[in-house]
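Notes to accompany the following structure.
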Amino acid sequence: MYNYGRGVLQGNHTALISFTLVFIFFFVGCSANCPKAFAQETDTGEETALQDEYDEWIDDLEEEESVTQVRDPLERLNRVIFAFNDFFYFKFLKPVARGYGFITPEPVRVRVKNFFYNIGFPVRFVNDIFQIKFKRAGQGTCRFVFNSTVGILGFFNPAQKYPWLNPPQEDTGQTLGTWGIGNGFYIVLPILGPSTLRDSVGFAGDCFLQPVSYIKPFYISLGARSYEIVNKTSLSIGEYEDLKESALDPYIAFKDAYIQYREKAIQE
Amino acid sequence: MRQQLVIILLTLFFAIPVWASTPADGALDFVRTSVDKVLTILRDPACKEESTEEVQRQKLRTVVEVLFDYNEISRRVLGRQRKSFTPEQMDEFSDLFTRLLEKIYLNKIQKYSDEKVIYGKATMLSENKAEVETNVITASKQIPINYRVVYKHGEWRGYDVFIEGVSLVRNYRSQFNKILQKKSPEDLLQQLREKVNEEETPTKQAALSKGKCITTGGGSCRETTQL
């Protein structure tokens, strides 16, 4: 009798421990897995509405913080150049790129793109140094040596398989950005497209660092750069159209996309 | 005593899997499930014929509606400007913007078939928001696409998508803000109505060229539809 009673007591004890453990683990696990789940289960409709209002308020604050306004004093001129670039793309660049793409197989075009990327190594290297990103400078150098030799002058990209050999790309505009220089104002460059005052200065800097710029006579250098652009365009036909197609005001859509894209590149 | 031990161990055994998962994992699972469903539909050979294009679209729509919370996106995309909208205008805006997004997104993904999606890490941005990184790998490049999801009313839902670092919500917000600087909400709605109706046509053209391609027996189907 006594033993039996003790057994029951012990049994209960075990059950209690188990139950507590289940409860603790379930509670911790679930609250980790689904935040606020418990709060919302016990919520009345009114509290949920309040919670939503609070969330919206937070979102508005975040929105205000996240927006980097880049001034656009040249908007009217920019819009004219934007329209010209649009015309140039559809009437000239796209047909040429498409014709070129028609006679050149895609793998060849990808190799050409690899080659031009590889040869632009000095731009990335110098800017890594200017941004005190020595590790990246080293990675970039390894990549350049690897692709120039194993990848046969950079036409192939064996480095692609190794994530540590692919540091984010740096350019002079980004270097100026990390030095704390602001965008200035928005500029649409003829043919080259969206830019800002800072990035236009950066672009000039990149040209200095770009080996292709030093080819003599200058028209061969220009021809090489043009070819690079045509080759690149042939691999991305449809991207410009997609963004333009989805926008209500394409000018603003491209402006904002450019600013966001550069912001992220500078952060990296 | 041994019995007790067994019970406790069993308890732990069942409890640990729940314990191991974190909120960020929940977000990753949610995005992975939805995107995998989209990929399955896109790769389903039965869906690739012209006659089933509309069926495929309908299937995709159902999955995408779970992935994205269109009401949340509509609200965010207007930001503070939504205060100048009447509730009726807000409803119409939400409806039109949903249709615009669906068209753009579905038109775009219906072209794809052989792309690979690699899932990256998920990071919590705040106590109920997370960002899930994915990479879409095509023949010539990698496109980073990150999904922002929020945990609300007991489930994860997408509220923004970042393509190569560009936020879709922020991009539309900058356009709407610009339009609303000079024009009324009604003008914006009118512009949206026109946009949504004009978007109808490319779909039909895509359907036509896809049909043409099949009759020529093309493995090059993708190229033709991309034109």
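The values are calculated or read from the model by the stated rules, or taken from the named source; none is laboratory data. In this text the structure is predicted, and so the values were computed from the model without any measurement. Positions of Cβ are generated from backbone atoms using ideal geometry, with glycine treated the same way; all protein chains shown enter the neighbour counts. Just the protein is used for accessible areas: all its heavy atoms, side chains included, with ligands, DNA and RNA removed. Shrake-Rupley method; radii C 1.70, N 1.55, O 1.52, S 1.80 Å.
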Percent of beta bridges antiparallel (DSSP, region B:2-200, rounded to nearest 5): 95
Net charge around A:LYS133, counting only other residues with Cβ within less than 11 Å of its Cβ (Lys, Arg = +1; Asp, Glu = -1)? 0
Starting from the Cα-Cα distance between B:ARG80 and B:ILE163, subtract it from 0.36 nm times their residue separation and give me the gain in nm to one decimal. 27.5 nm
Through the Karplus equation 6.51 cos²θ - 1.76 cosθ + 1.60, θ set to phi - 60°, convert the phi angles of region A:106-121 into ³J(HN,Hα) values in whole Hz; use x for Gly and Pro. 4, x, 5, 5, 5, 5, 4, 4, 4, 4, 5, 5, 5, 6, x, 3
If you take each beta carbon of peptide B:152-159 and count the beta carbons of other chains within 10 angstrom, what is the mean? 3
Heavy-atom accessible area of A:TRP164 with all protein chains present, probe 1.4 Å, nearest 10 Å²? 140
Around B:GLN142, which amide H atoms from residues at least 5 apart in sequence, or from another chain, sit under 5 Å from its own amide H, with H modelled in the peptide plane? none
Relative packing of peptides B:138-145, B:191-198, B:123-130 - highest average C-beta neighbours within 10 Å first: B:123-130, B:191-198, B:138-145
Between B:GLN58 and A:CYS142, take the C-beta separation as r, use R0 = 30 Å, and let me know the FRET efficiency to the nearest 0.05. 0.05
About its Cα centre, what dipole magnitude does region A:165-263 give when the only charges are +1 on Lys and Arg Cβ and -1 on Asp and Glu Cβ, stated in debye to the nearest 20? 400
Sorted by accessible area with a 1.4 angstrom probe, largest first, how do A:CYS207, A:CYS142 fall? A:CYS142, A:CYS207
Net charge of Cβ neighbours under 12 Å - reference A:GLN210; Lys, Arg +1; Asp, Glu -1: -1
Taking both sides together, what accessible area is buried at the A/B interface, probe 1.4 Å, expressed in Å² and rounded to the nearest 100? 4800
In whole Hz and in residue order, list the ³J(HN,Hα) couplings for region A:225-234 that follow from phi through the Karplus curve 6.51 cos²θ - 1.76 cosθ + 1.60, θ = phi - 60°; x for Gly and Pro. 5, 5, 4, 4, 5, 4, 4, 4, 4, 4
For region B:2-200, size of Cβ-based charge dipole, Lys and Arg +1, Asp and Glu -1, in debye: 680
Using Cα positions and a limit of under 21 Å, work out the lysines in reach of A:LYS264, with same-chain residues fewer than 8 apart set aside. A:LYS133, A:LYS135, A:LYS255, B:LYS121, B:LYS129, B:LYS141
Ordering of A:149-160, A:95-106, B:98-109 by burial proxy (mean other Cβ atoms within 10 Å per residue, highest first): B:98-109, A:149-160, A:95-106
Once the piece of chain linking B:ILE143 and B:ARG43 is laid out straight, how much longer is it, given 0.36 nm per residue of separation minus the C-alpha distance between them? 34.1 nm
How large, in percent, is the carbon and sulfur part of the accessible surface of region B:2-200 at a probe radius of 1.4 Å? 56
Buried on assembly, region A:232-250 (at least 50 Å² less accessible surface than by itself, 1.4 Å probe): A:ASP242, A:GLU245, A:SER246, A:LEU248
Can you pull the mean other chain C-beta count within 10 Å for peptide B:119-127? 1
Short version: ³J(HN,Hα) in whole Hz for each residue of region B:137-151, in order, from phi by Karplus 6.51 cos²θ - 1.76 cosθ + 1.60 (θ = phi - 60°), x for Gly and Pro, what are they? 10, 9, 4, 10, 7, 10, 10, x, 10, 10, 9, 9, 10, 10, 9
Checked region B:110-188 against the a/c 1.5 cut and the a/b vs b/c comparison, axes a ≥ b ≥ c from its Cα gyration tensor; verdict oblate
Name the residues whose placed amide hydrogens come within less than 5 Å of the amide hydrogen of A:PHE185, ignoring near sequence neighbours (fewer than 5 apart) on the same chain. A:LEU197, A:ARG198
